[in-house]
Amino acid sequence: ALGKSSDLEKAFATAALVYNNSADPEGKLSKAETKSLLQTQFGGFIRGQENKPKYQEIISALDEELENKIDFEDFMILLVSLTLMSDLLQEIKNVKTTK
């Protein structure tokens with residue numbers, strides 16, 4: 001269905017698919033499941049961030065209140081937040097591509 005889609009559309013579709021494959025029947029993840037999914041599927045962006053206060057704040061929030069669950073919208077906000085603080089993002093910005 002995404003054969004003629006843009007790279008960005010495919011990237012977001014992949015994020016939705018990864019999330020949905022891990023979510024419960026209500027379409028949500030526990031905070032522990034969210035943390036695990038981020039660590040296994042987003043490790044390149046997370047690596048090296050462990051000492052940053054904002055990263056610690058995000059992870060601490062996932063460690064608290066095990067009853068609360070994360071929906072897809074909140075998951076995407078986490079992805080964007082982690083991406084913006086990532087050292088990998090700066091490396092990506094420094095790469096110039098030619099088409």
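The values are calculated or read from the model by the stated rules, or taken from the named source; none is laboratory data. Source: prediction; values computed, not measured. We place every Cβ from the backbone using ideal geometry, glycine too, and count neighbours over all the protein chains shown.
Quick look at the numbers
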{"quantity": "Whichever residue in segment 5-54 is free of Cβ contacts under 8 Å to residues at least 24 places away in the same chain and hydroxyl-bearing (Ser, Thr, Tyr) and, among such residues, is farthest from Gln90 (Cα to Cα)", "calculated": "Ser22"}
{"quantity": "Qualifying positions in segment 1-58 - among the charged types (D, E, K, R), assigned to a loop (DSSP other than H, G, I, E, B), at pLDDT below 90 and surrounded by fewer than 12 Cβ atoms within 10 Å (Cβ to Cβ)", "calculated": "Lys4, Glu50"}
